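The values are calculated or read from the model by the stated rules, or taken from the named source; none is laboratory data. The structure displayed is predicted, hence computed values, not measured ones. When the accessible area is computed, the model is the full protein with side chains, heavy atoms only, and any ligands, DNA or RNA have been set aside. Shrake-Rupley method; radii C 1.70, N 1.55, O 1.52, S 1.80 Å.
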Amino acid sequence: MDEPLTDHRVQHRPGDVPVLIRRLDDGLPLPSYAHPGDAGADLYAAIDVELAPGERAVVPTGIAIALPDGYAAFVHPRSGLGAKFGVTIVNAPGTVDAGYRGEIKVTLLNTDLRRPVRLRRGDRIAQLVVQRVERAVFHEVSALPGSVRGDNGFGSTGGLPAASPEAGHN
Ligand SMILES: O=c1ccn([C@H]2C[C@H](O)[C@@H](COP(=O)(O)OP(=O)(O)OP(=O)(O)O)O2)c(=O)[nH]1
Ligand SMILES: [Mg+2]
């Protein structure tokens, strides 16, 4: 008998997107929204992991999902881990395609160059944001329509802090 897939902490609303989920690890909670209205459902580490300063690791979450067509899920960092320990996600936000049936994994990076960080199995290490995504049809042209921005970018509007000479920025 399958276990109920309902997250009892948050009331479901009309329009909620049904996402099929399979546990690959019975000892972990399913992803859950901490508050009503939260965009991200927290993902749990399936293993203990210690990240040396500057080190990264691919951390399994113990779940696999099937998203409806036209949706994707994005693996975002948690701000608390970032602010407190300097832990982020290398490829943030990670993209989980609707057709992906493998385990969701999180490529954590310890950006702190002095302190190691130890994360435990069961810690919430990232958050999953499920979104509708459009599919583009690419029409090749020889010239693009004009725009006010044109090809300006990469700080063209100014307001960037001055680079410190020691850091070796251009
Ligand atoms: O943070 C992430 C990012 C991706 N994935 C899984 C789901 C996604 O559908 C698949 C492929 O991701 P992506 O397309 O970003 O990686 P790739 O390097 O382009 O691999 P591929 O050649 O398999 O597409 O890996 C994760 O579990 N976590
Ligand atoms: Mg890819």
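Where does each of ASP38, ASP26, ASP97 land when they are ordered by accessible area, with a 1.4 Å probe and the largest first?
Result, largest first: ASP26, ASP97, ASP38.
Under the Karplus relation 6.51 cos²θ - 1.76 cosθ + 1.60, θ = phi - 60°, what is the ordered set of whole-Hz ³J(HN,Hα) values for the stretch 81-90, x standing for Gly and Pro?
5, x, 5, 7, 10, x, 8, 10, 10, 4
Provide the gained length on full extension for the span ARG22 to ASP97, in nm with one decimal, where the gain is 0.36 nm per separating residue minus the Cα-Cα distance.
So the chain would gain 25.4 nm between ARG22 and ASP97.
Using a 1.4 Å probe and counting only protein heavy atoms, arrange ASP42, ASP16 so the residue with the most accessible area comes first.
Highest to lowest solvent-accessible surface, that is ASP16, ASP42.
Whole number in Å², please: accessible area per residue of the chain, 1.4 Å probe, ligands, DNA and RNA not counted.
With the other protein chains kept in place, the chain gives 71 Å² per residue.
For the stretch 77-155 and the stretch 21-56, compute the distance between their C-alpha centroids and round to whole Å.
So the two Cα centres are separated by 16 Å.
Quick one: what are the phi-derived ³J(HN,Hα) couplings along the stretch 141-151, Karplus 6.51/-1.76/1.60 with θ = phi - 60°, whole Hz, x for glycine and proline?
So the Karplus estimates, Gly and Pro as x, are 9, 8, 9, 8, x, x, 8, 5, 5, x, 9 Hz.
Give me the percent of the accessible area of the chain that comes from carbon and sulfur atoms, probe 1.4 Å, all protein chains in place.
52
State, to one decimal in nm², a quarter of the convex hull surface area for the C-alpha atoms of the chain, i.e. the direction-averaged projected area.
15.0
To the nearest 10 Å², what's SER79's accessible area with a 1.4 Å probe?
Solvent-accessible area, nearest 10 Å²: 100 Å².
Using amide H atoms built in the peptide plane, which far-off residues or other-chain residues are under 5 Å from ILE63 H to H?
LEU24, ILE104
Ranked by accessible surface with a 1.4 Å probe, highest first, in what order do VAL129, VAL19 come?
Largest to smallest exposure gives the sequence VAL19, VAL129.
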